[in-house]
Amino acid sequence: MERILDYISDKMGLAFEKAGYEASYGKVTVSNRPDLCEYQCNGALAAAKAYHCAPIQIAQKVVEELDAQDFSLAEAVMPGFINLRLSGSFLAGYLEQMRTAPDFGVEKSGTGKTVVVDYGGANVAKPLHIGHLRPAIIGESLKRLHQFMGYNAIGDVHLGDWGLQMGLIIAELQDRQPNLPYFDPDFTGEYPAEAPFTLTELEEIYPAASARKKTDAEFAERAHAATYALQQGNRGYRAIWQHIMRISLADLHRVYDSLDVHFEKWLGESDADPYIPAMVADLKAKGLAIPSEGAWVIPVAEPGDKKEIPPVILVKSDGSSIYATTDLATMVQRMQDWNPDKILYVTDKRQNLHFEQIFRAARKAGIVKPETELEHVGHGTMNGADGKPFKTRDGGVLRLEQLVKEMTDFVRAKVVENKIVDENEVENTTHIIALAALKYGDLSNQPTKDYNFDLERFAAFEGNTGPYILYTIVRVKSILAKYGAWEHLPIQAPVNDSAKDLMLSVTRLAPTLESALRTASPNLICAYIYELAGCVNKFYHETRILGEEDKEKQAGYIALIGLAKDILETCISILGFEAPEKM
Ligand code: ARG
């Protein structure tokens, strides 16, 4: 559907033309004085300079020429603004179109395009910790937003499963259990199907090895050698690696599922490995990769750089590949398999430089086609309620699961205390509300900003929170359920100011989704639904809905709140959560 702003701008342009001025002066914007009008056009002020006459005269002439049927107000005011209000019948017609069109008539700008959203960033053999919350939540919602806008959106977790952490585990395991067949170079039989460790043990082995690396140079050396041997295809190490993957992935699936975060692809750094040799050879042949102190690097600095952009290290001096190597090879794989028009990387913003480097290298080397957009969505840090880095009581990193549990326990207590649902519904309702609190609490912040995790504030049923949005949806659902069949009722002209405000808010869906997509900012959707929910509640408080005796009028109210509810539900599903039946 055409955007309202475009539609009125066209009408206004026509009026300028009829009045003898250029149509481009007819650009209309949302009013910055909502007390005076809904939309405004400042074109007469600019035209006055070009045509050498008083802006107010131009504005008056234009208003006379304006096709007034869509406006309840169109007036020229000093010094030359044109103030506009839409007519109720126009709004009713527009919303009726939104109501009956698929997906509310939102233009599908992504049709025929593919986007890869690289998010989550989990590392195998390490439990997810609170640092993994933001990339999971922001990435999931950006992916869903792209899907809604018509893209073929592929979410890929891009597991950290190929780097030094694997060598560390292997080296540590060898020290602890040297007699395992994996370490016997002469072993040619079948390796055991059972892993020589449990998940709990694995989660202890890795941090122990990681700590040891810092103080034990000989051990670090062996871990590096094991990483290299693994990457070169050492049979025993690959078998250990398989065990680690199987055990760790099952756990990662479980935790991401509990967050309602789902990846289309569970590929990892290891899946990029087969693409490395040819890519490296090509980069060397093209002279883009050059030798440097035993390593191979790709210089990516550019003349205008404000800060130093170091070269990308492609192959380390010991022959192993690193983070940048696998990221570049992953681009090769993605281009080959999916040919995306856009790749979005959602990670901590401290990885900015890494992405700047590999984007430049990929462009230089022609790894991605020139039209493919590469974008790093770098997010800020989630701190504790006190604004300090989030730590457990003993100073460690909090597990993601623990954070979810704390939120869930907090919400459950409320659900039970307020007797919101029957006993057998408590867990399900609690889970739904807790996710909304957690996700909205995160997504309502601009991704790049840091924010403080505040259990009580996020889980509050009032204020700018997820539960408040859910509460609004549930309230409307319960009115609709009492009313009966409502799905086919047409939208009517507004009866009062709060109805009109609600209708205007409804019209802002498409522009909101477009800006959120363009700027990779789910926070814009949060701000929008907070506004929309506010309008719904104001309308509800100021209008007798179920008690209305005029059945015709009542049907119009019901149609309006039904549409608003459908939009709220669609938006929260884009954000990655849902509403319960009761609350
Ligand atoms: N595993 C990485 C980390 O923990 C994040 C991966 C992000 N994606 C990427 N393509 N580099 O930092």
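Please treat every number below as a calculation from the coordinates, not as lab data. What you are looking at is a predicted structure, and each value in this text was computed from that prediction instead of being measured. Positions of Cβ are generated from backbone atoms using ideal geometry, with glycine treated the same way; all protein chains shown enter the neighbour counts.
The packing ranking of peptides 513-520, 49-56, highest mean first, is 513-520, 49-56, where packing means the average number of other beta carbon atoms within 10 angstrom of each residue. Working ranking of peptides 100-106, 61-67, 163-169 by packing, defined as the average number of other Cβ atoms within 10 Å per residue, highest first, is 163-169, 61-67, 100-106.
Packing around the peptides 228-239, 435-446, 183-194, taken as the average count of other Cβ atoms within 10 Å per residue, puts them in this order, highest first: 435-446, 228-239, 183-194. For the pair the range 124-147 and the range 397-436, the centres of their Cα atoms are 20 angstrom apart.
In this label model, ALA485 and ARG544 are separated by 2.7 nm, measuring between points 7 Å along each Cα→Cβ vector. The modelled label-to-label distance for the pair GLN97/LYS349, using points 7 Å beyond Cα in the direction of Cβ, is 3.9 nm. Each DSSP beta bridge with both residues in the range 70-226 is either parallel or antiparallel, and the antiparallel ones are about 50%. From its DSSP helices (H runs of at least four residues, each -39,500 (n - 2.57)), the chain gives a residue-normalised ellipticity at 222 nm of -17000 deg cm²/dmol.
In this structure, GLN232 and ASP386 have a Cβ-Cβ separation that, at R0 = 41 Å, corresponds to a calculated FRET efficiency of about 0.30.
Separation of the range 59-99 from the range 314-344 is 54 Å, based on Cα centroids.
Here the calculated FRET efficiency for LYS286 and THR448, from their Cβ-Cβ distance with R0 = 35 Å, stands at 0.50, rounded to the nearest 0.05. For the pairs LYS316/LYS342; LYS284/LYS364; LYS482/LYS565, note any where the Cα-Cα span goes beyond 21 Å. Those over the limit are LYS316/LYS342. Quick one: if you stick a label point 7 Å off each Cα along the C-beta vector at ASP257 and ASP175, how many nm between them? If labels sit at ASP257 and ASP175, their model points lie 3.6 nm apart. Ordered by the number of other Cβ atoms lying within 10 Å of each residue's own Cβ, fewest first, GLU140, GLU552, GLU356 fall into the sequence GLU552, GLU356, GLU140. In this calculation the C-beta distance from ASP6 to ARG33 is compared with R0 = 30 Å, giving a FRET efficiency of 0.90.
Working from Cα positions, state the angle (0 to 90°, nearest 10) between the long axis of helix 509-518 and the longest principal axis of the chain. Once rounded, one gets 30 degrees. What you get for the range 28-96, charging only the Cβ of Lys and Arg (+1) and of Asp and Glu (-1), is a dipole of about 340 debye around the Cα centre. When the chain is described by a simple charge dipole with +1 on each Lys and Arg Cβ and -1 on each Asp and Glu Cβ, the residue from LEU86, ILE558, THR215 located farthest towards its positive end is LEU86. Going 7 Å from the Cα of LYS18 in the Cα-to-Cβ direction, what parts of the range 54-94 have a backbone nitrogen less than 17 Å from that spot? Output list for this probe position: 58-76, 82-85, 87.
Looking at the range 423-503, the GluC sites (Glu not before Pro) that sit in a DSSP loop and have at most 13 other Cβ atoms within 10 Å of their own Cβ are GLU462, GLU487.
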